[in-house]
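In what follows, a single structure is set out as structure tokens and then discussed.
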Amino acid sequence: MSLTAIVLLGLFFLFLFLNLPIAISLGLSTALTLLFFDLPIQSLPSTIFSSFTKFTLLAIPFFFLAGLILEKAGISRRLIHLAQTLTGHYTGGLAIVSVIAATFFAAISGSGPATMAAVGSIIIPAMVKAGYRKDMSGGLLATAGGIGIIIPPSIAYIVYGVVAEVSIGELFIAGIIPGILMAVVLAITSYFISKKEKIPTLPKASKQEIWVAFKEALWGLLVPVIILGGIYSGLFTPTESAVVAVFYGLFVGLFIYKEIKIKDLPSILLESAKTTAMIMLIVASASAFAWLITVEGIAEELANGLMSIASDKITLLLMITIILLIAGMFVDAISAFYIFLPIFMPIVISMGIDPVHFGILMTMNLAIGLVTPPVGLDLYVACGLTGLSLKEISIGVIPFVLVAIVVLLLVTYIPAISLWLPEVLNMR
């Protein structure tokens, strides 16, 4: 490994160890390496600016805003109530409800932490009251929140599509079955845990109660249909679909449910702007970091080293999975895409691995990273919602992470799980 690579990566991990934010760690390590080796630091501003000037990235602030508006409109509460009327009377009913609600809200927000916060703030207190352990409730919701970046629309797919130059619409469709599969496996795991711990069930809802709950939640259920239907039909692009979701959410919140007032809009816009600014700072720093490892040949150097160890597709995918699971413990999904794609993509293409399939499995790896300490973002949201320590939540999340890894391996080694639907819909 070259001296430039050692200094760049060494500084990056040093800053992470010192607990600096990921955006600062990436940007500072890049700038200091450029200064230390007298490299063209004047290229840094243009590199950062060009990372912002991509039309597709406009979807990120709009999906954040749409998720926030739909949460304020009471969509998550109504989705949880509908799921509760359908499955609450089964063993582990509330746990299954939490997974179903998280999956539905994931198909609205495109963000893991947003899904966790919107659903968890309502369902976790209800689960604890019904007899579920706090660590199990928090662990389940934290893992289910990761579905937010697996099932479309997903901010992670947008970033992957931009960096890897892959169709975002195809990624959205390819993520549907893996996301549903992850939800099903988490629900089954919840059932067996609940059965073992003899959690009491809820009363069975009547047909009338189910119908009322369905009518109330219908406007929320239509969101993913509108977004994915519009993209697949060619009515609008993924970026335009985010804007449609914003105006649809405003219409529902202001005129249908009437839970959003005009006076609420400035605070909603401000909250969305803060989140977007944080994400775009990561994009800027990570793109500069990726630019340096590419132009200095560090990415090629690391790729050749990986190729010398893994000469076949099965071994390569296993090694990449291990690398990403470890990386997910320390960096967020957006940073990981910018850091690792310049290294992995040439290998993936040379090995004949489909870039869309690779995008799905890479995203699933990083979704699991959201619930693995020490930097799993969903874990910290779960800590805030349950009042438990990181250690206690980490224990509760173990069984769900293990089954999530099983699903990840299935998707990794059976490409048809992710590629079948795009092929059926003639997107390939």
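The values are calculated or read from the model by the stated rules, or taken from the named source; none is laboratory data. Owing to the predicted nature of the structure, the values given are computational and were not obtained by experimental measurement. Please note: Cβ atoms are built from the backbone with ideal geometry, for glycine as well, and neighbour counts cover all protein chains shown. Note: areas computed on protein heavy atoms with side chains; ligands, DNA, RNA excluded. Shrake-Rupley method; radii C 1.70, N 1.55, O 1.52, S 1.80 Å.
In table form, for the structure just shown:
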{"item": "Qualifying positions in region 274-287 - open to solvent by 80 Å² or more (accessible area, probe 1.4 Å) and not aliphatic (A, V, I, L, M)", "result": "Lys274"}
{"item": "Hits in region 400-427 - residues which are under 20 Å from Thr143 (Cβ atoms) and either of a type in the set (Ser, Thr, Tyr) or open to solvent by less than 60 Å² (accessible area, probe 1.4 Å) (or both)", "result": "Phe400, Val401, Val403, Ala404, Ile405, Val407, Leu408, Val411, Thr412, Ile417, Ser418"}
{"item": "Extreme residue, surrounded by the fewest Cβ atoms within 10 Å (Cβ to Cβ), among residues of region 354-386 that are part of a helix (DSSP H, G or I) and of a type in the set (Ser, Thr, Tyr)", "result": "Tyr380"}
{"item": "Region 3-59, residues that are open to solvent by 40 Å² or more (accessible area, probe 1.4 Å) and either assigned to a loop (DSSP other than H, G, I, E, B) or in contact with a strand residue (DSSP E or B) (Cβ under 9 Å, 6 or more places away or on another chain) (or both)", "result": "Leu18, Asn19, Leu20, Pro21, Phe37, Asp38, Pro40, Ile41, Gln42, Thr53, Lys54"}
{"item": "Residue in region 146-167 that is under 21 Å from Gln84 (Cα atoms) and in contact with a His (Cβ under 7 Å, 6 or more places away or on another chain) present", "result": "no"}
{"item": "Lone qualifier among Lys204, Lys215 - being farther than 30 Å from Leu316 by Cβ, free of Cβ contacts under 8 Å to residues at least 12 places away in the same chain and either touching a strand residue (DSSP E or B) at 6+ places or on another chain (Cβ under 8 Å) or open to solvent by 70 Å² or more (accessible area, probe 1.4 Å) (or both)", "result": "Lys215"}
{"item": "Given (1) open to solvent by less than 10 Å² (accessible area, probe 1.4 Å); (2) free of Cβ contacts under 8 Å to residues at least 40 places away in the same chain; (3) of a type in the set (Ser, Thr, Tyr), number of the condition Thr321 does not satisfy", "result": "(2)"}
{"item": "Odd one out for Leu94, checked against (1) in contact (Cβ under 8 Å) with a residue 40 or more places away in the chain; (2) buried (at least 24 other Cβ atoms within 10 Å of the Cβ); (3) touching a Ser or Thr at 6+ places or on another chain (Cβ under 8 Å); (4) over 17 Å from Pro152 (Cβ atoms)", "result": "(3)"}
{"item": "Yes/no for Ala290 being farther than 25 Å from Gly67 by Cβ, touching a Pro at 6+ places or on another chain (Cβ under 9 Å) and open to solvent by less than 70 Å² (accessible area, probe 1.4 Å)", "result": "yes"}
{"item": "Test: Val223 is modelled with pLDDT of 90 or more and among the β-branched types (Val, Ile, Thr)", "result": "no"}
{"item": "Residues located in region 303-313, provided they are open to solvent by 50 Å² or more (accessible area, probe 1.4 Å) and under 28 Å from the mean Cα position of the chain (by Cα)", "result": "Lys313"}
{"item": "Subset of region 284-340 (residues that are of a type in the set (S, T, N, Q) and either within 19 Å of Ile48 (Cα to Cα) or at pLDDT below 85 (or both))", "result": "Ser285, Ser287, Thr294, Asn304, Ser308, Ser311, Ser335"}
{"item": "Hits in region 243-273 (condition: open to solvent by less than 60 Å² (accessible area, probe 1.4 Å), under 14 Å from Leu68 (Cβ atoms) and not aliphatic (A, V, I, L, M))", "result": "Tyr248, Gly249, Gly253, Asp264, Ser272"}
{"item": "Complete set of residues in region 331-353 that are in a loop (DSSP other than H, G, I, E, B) and surrounded by 19 or more Cβ atoms within 10 Å (Cβ to Cβ)", "result": "Val331, Asp332, Ile353"}
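Condition check ((1) touching a residue at least 60 places away in the same chain (Cβ under 8 Å); (2) more than 26 Å from Gly175 (Cβ to Cβ)) across all residues:
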{"residue": "Ala288", "(1), (2)": "yes, yes"}
{"residue": "Glu301", "(1), (2)": "yes, yes"}
{"residue": "Ser311", "(1), (2)": "no, yes"}
{"residue": "Gly328", "(1), (2)": "no, no"}
{"residue": "Asp332", "(1), (2)": "yes, no"}
{"residue": "Pro373", "(1), (2)": "no, no"}
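Okay, residues lined up against (1) modelled with pLDDT under 80; (2) in a helix (DSSP H, G or I); (3) over 26 Å from Tyr132 (Cβ atoms):
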residue	(1), (2), (3)
Ile199	no, no, no
Ala205	no, no, no
Glu216	no, yes, no
Phe236	no, no, yes
